[in-house]
Amino acid sequence: MRRQARELAFQLIFERLFTENLKPLDEEFFVSLKKEESKDFCKQIITAFVENRKEIEDIIGQNLIGYEFNRVYKVDLALIMEAITEIKYLKSPIPVVINEVVNLSKEYSTEKSSKFINGVLSSICKKL
């Protein structure tokens with residue numbers, strides 16, 4: 001149930017990395033989520049991300065060792081942003097979120113991305 005909500009949230013965050021002035025989310029974005037609880041969870045993630053995007057970007061930038069923020073693969077960046085949003089602002093369990101995001105990276109990103117994402121999130125979670 002929450003996996004689908006996280007996946008959609010990741011996709012919507014990814015979209016926001018390329019487009020500055022997006023209109024507020026309409027119900028049409030959430031049609032793929034069958035349960036109302038999943039829709040609400042996804043909306044909470046997106047709302048928290050939009051409200052805290054600058055702080056999330058700062059957190060990531062401070063924890064990228066050997067990488068520049070603007071050079072991180074956008075899929076990986078969106079996954080990391082989704083995870084931080086959930087962990088910091090929705091207080092979701094850290095191991096669950098990291099596991100879900102790493103699994104999504106195996107589906108949407110490169111072969112090495114899961115290790116990169118896991119490392120960045122582990123570093124960030126130690127400091128939160």
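The values are calculated or read from the model by the stated rules, or taken from the named source; none is laboratory data. The structure presented is a predicted model; accordingly, all values stated were derived computationally and were not measured. We place every Cβ from the backbone using ideal geometry, glycine too, and count neighbours over all the protein chains shown.
Of note:
- Taken together, the criteria exclude residue 105 from residues that are of a type in the set (Ser, Thr, Tyr), more than 16 Å from residue 9 (Cβ to Cβ) and part of a helix (DSSP H, G or I).
- Filtered residue count, region 82-108, keeping only those that are more than 13 Å from residue 7 (Cβ to Cβ) and of a type outside the set (A, V, I, L, M, F, W, C): 8
- Residue count for region 67-91, restricted to those that are of a type outside the set (A, V, I, L, M) and either in contact (Cβ under 8 Å) with a residue 60 or more places away in the chain or under 17 Å from residue 55 (Cβ atoms) (or both): 8.
- Sole exception among (1) outside any helix (DSSP H, G or I); (2) within 17 Å of residue 115 (Cα to Cα); (3) of a type outside the set (D, E, K, R) for residue 95, by number: (1)
- Restricting attention to region 57-85, the residues that are closer than 17 Å to residue 126 by Cβ and surrounded by 13 or more Cβ atoms within 10 Å (Cβ to Cβ) add up to 8.
- Residues that are part of a helix (DSSP H, G or I), in contact with a helix residue (DSSP H, G or I) (Cβ under 6 Å, 6 or more places away or on another chain) and either at pLDDT 80 or above or more than 21 Å from residue 51 (Cα to Cα) (or both), drawn from region 8-37: 8, 9, 10, 12, 13, 14
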